[in-house]
Amino acid sequence: MKLYKGILLPLGAACLLSGCSMEEPFLNGVETQGMLKTSCLAPTLTNTEGNETKTRADVPTTDDFQVVITRNGSRAPEAEYRYADMPEVLTLPVGDYKVYAHHGANKTAAWEEPYYYGESTFAIEENKITDEVDPIVAKLANIRVTIVFHATLASVMSQDSKVEVKVGDTGVMTFTGTETRSAYFRYVNQSQTLAATFSGTVDGDRIIETRTHEDVAPGNHYRITFRMHGIDDDDPGHISGNIIVDTSIEEVNMNQTVDGGGDDPILEDDKRPTQGGGQDPDPGLDPEDPIVTPGSAPQITSAKPEKDSGLVAVDLDKVNEVTSDIYCVLNVTSSADSGITEFKVKIKSEKLNADELMGVGLSDELDLVNPGALEEPLRNLGLPVKVGGMKNVVFNITGFMPLLGVLGEGDHDFELTVGDSNGTSTATLRLHTN
């Protein structure tokens, strides 16, 4: 009531001095005014991730949106606030208004910089309080791109291999083989082409391959998977000289609406396993993958390869023969609020012993939460590192396969110990090379 009284008194004084005609917007040169209850400007967020749900920590709240009020189509702000800092009531001159709500900087190109935007209109009437406005629905307004390297390609491409992504005329980002983050690009009208160029050495051959995608749109996630074609039909374990790096593009339109503020849950934590950075689903995941039961210890399961890939998933209940079509990927999931707190791997191998591992800068005991000096060698092998706090991790040891093949026949066990606040789980991936 204190706010209303403070606003109404000057309005009343202005009316007494001017005669207070209800018909004229200006009285003796003084513009008539009304009020706006700012709670009706609370934006709701369309978290456009399709089935790639995000946690509350990833989603901006209503409080953090910037709210800009403009008059009669002008872009010059009549008022501008962070939503949480807005007064309960604003006094504004009589007229028609547009309100914009946005979150983020809408950069030309940047890592993990989503930009959300929404708008609405309202009118201010003399000596009245406007307390209803058409909902401000904020949507992802820039373009998200994620690059995935298929396991077969990742195992034979050089460490300097990369993909340069260009959206429009100015937005450019470079993805290395270990990059798991998404890049976000500003949408520019009339500049709607996405080009992804792979460059690197694949099995000794220098490859440069570009794929383009037209009509890219804001609010879409373009997930580009690079694969390798060129396997010798007579010898599936051998790559022929005719190597082709090919792509597939998954376009996800984002249209899942959630409440962006208050204490209500926004979105459930994503139960789907993700790449080491904890951001994007692995291409080999299947909708039927098991979901972790809340309160249970971490779950370690075999990941399903991409359909029609010709790859075969490993089985945690038996010894797996290492062949050209093996898919050495495990999914590790945690239901604990604080995520994974322990992730250790012990390698027991007849041939890949501590001395051999030391020769390539590794150890037979790995700590993926606190990798220490082994962080860079582990990244180079495509293993996730610094996974503490993550709820979904993909453990992909495809990078070990060439090393195992060189060492000849033998048995190799990868013993995983994963813990969180709910408990500890163990699993052993057993492999055999001929």
Just to be sure, is residue 404 at pLDDT below 85 and either more than 30 Å from the chain's Cα centre (by Cα) or assigned to a loop (DSSP other than H, G, I, E, B) (or both)?
yes
Restricting attention to segment 147-161, which residues are at pLDDT 90 or above, buried (at least 21 other Cβ atoms within 10 Å of the Cβ) and over 11 Å from residue 226 (Cα atoms)?
161
For the subset of segment 179-195 comprising residues that are outside any strand (DSSP E or B) and at pLDDT 85 or above, which member is farthest from the chain's Cα centre (by Cα)?
193
What are the residue pairs meeting all of these: first residue in segment 73-101, first residue open to solvent by 80 Å² or more (accessible area, probe 1.4 Å), second residue assigned to a helix (DSSP H, G or I) and not polar (S, T, N, Q), Cβ atoms under 9 Å, and 6 or more apart or on different chains?
82/63; 82/64; 85/63; 88/3; 88/4
Report, by residue number, each residue of segment 167-178 that is buried (at least 20 other Cβ atoms within 10 Å of the Cβ) and part of a strand (DSSP E or B).
167, 171, 173, 175
Enumeration of residues in segment 345-362 that are surrounded by fewer than 17 Cβ atoms within 10 Å (Cβ to Cβ) and on the phi < 0 side of the Ramachandran plot
346, 348, 350, 351, 353, 354, 355, 356, 358, 359, 360
Which of the residues that make up segment 313-328 are farther than 12 Å from residue 432 by Cβ and in contact with a Phe, Trp or Tyr (Cβ under 7 Å, 6 or more places away or on another chain)?
313
Can you name every residue in segment 392-402 that is open to solvent by 50 Å² or more (accessible area, probe 1.4 Å) and touching a Gly at 6+ places or on another chain (Cβ under 8 Å)?
none
Which residues, taken from segment 199-238, are open to solvent by 50 Å² or more (accessible area, probe 1.4 Å), of a type in the set (A, V, I, L, M) and at pLDDT 80 or above?
208
Among (1) at pLDDT 55 or above; (2) crowded, with 17+ Cβ neighbours inside 10 Å - the single one residue 52 does not satisfy
(1)
Cβ-Cβ below 9 Å, separation at least six or inter-chain, first residue in segment 190-211 and hydrophobic (A, V, I, L, M, F, W, C), second in a loop (DSSP other than H, G, I, E, B): which pairs?
194/168; 194/214; 194/216; 198/161; 202/156; 202/158; 202/161; 207/161
Keeping to segment 104-117, report how many residues are open to solvent by less than 50 Å² (accessible area, probe 1.4 Å) and either in a strand (DSSP E or B) or within 17 Å of residue 81 (Cβ to Cβ) (or both).
4
I need a count of the residues in segment 146-160 that are farther than 14 Å from residue 379 by Cα and more than 18 Å from the chain's Cα centre (by Cα).
6
Extreme residue, least open to solvent (accessible area, probe 1.4 Å), among residues of segment 364-375 that are in contact (Cβ under 8 Å) with a residue 12 or more places away in the chain and not aliphatic (A, V, I, L, M)
371
Number of positions in segment 314-325 that are in contact with a strand residue (DSSP E or B) (Cβ under 6 Å, 6 or more places away or on another chain) and either buried (at least 16 other Cβ atoms within 10 Å of the Cβ) or assigned to a loop (DSSP other than H, G, I, E, B) (or both):
5
Which of the numbered conditions does residue 333 fail, given that it passes all the others? Conditions: (1) open to solvent by less than 40 Å² (accessible area, probe 1.4 Å); (2) touching a His at 6+ places or on another chain (Cβ under 9 Å).
(2)
Identify, please: which residue in segment 403-434 is in contact (Cβ under 8 Å) with a residue 60 or more places away in the chain and more than 22 Å from residue 315 (Cβ to Cβ) and is, among those, surrounded by the most Cβ atoms within 10 Å (Cβ to Cβ)?
420
Find all pairs meeting these conditions: Cβ atoms under 8 angstrom apart; at least six residues apart or on different chains; first residue within segment 106-124 and of a type in the set (Asp, Glu); second residue crowded, with 18+ Cβ neighbours inside 10 Å and not in a strand (DSSP E or B).
112/182; 112/279; 113/104; 113/142; 119/136
Among the candidates 393, 369, 385, single out the residue that is outside any loop (DSSP other than H, G, I, E, B) and among the β-branched types (Val, Ile, Thr).
393
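The values are calculated or read from the model by the stated rules, or taken from the named source; none is laboratory data. Since the model is a prediction, treat every value here as computed from it, not as a measurement. Glycine also receives a Cβ, built like all others from the backbone with ideal geometry; neighbour counts cover every protein chain displayed. In case anyone asks, the SASA skips ligands and DNA or RNA and just uses the protein heavy atoms, side chains included. Shrake-Rupley method; radii C 1.70, N 1.55, O 1.52, S 1.80 Å.
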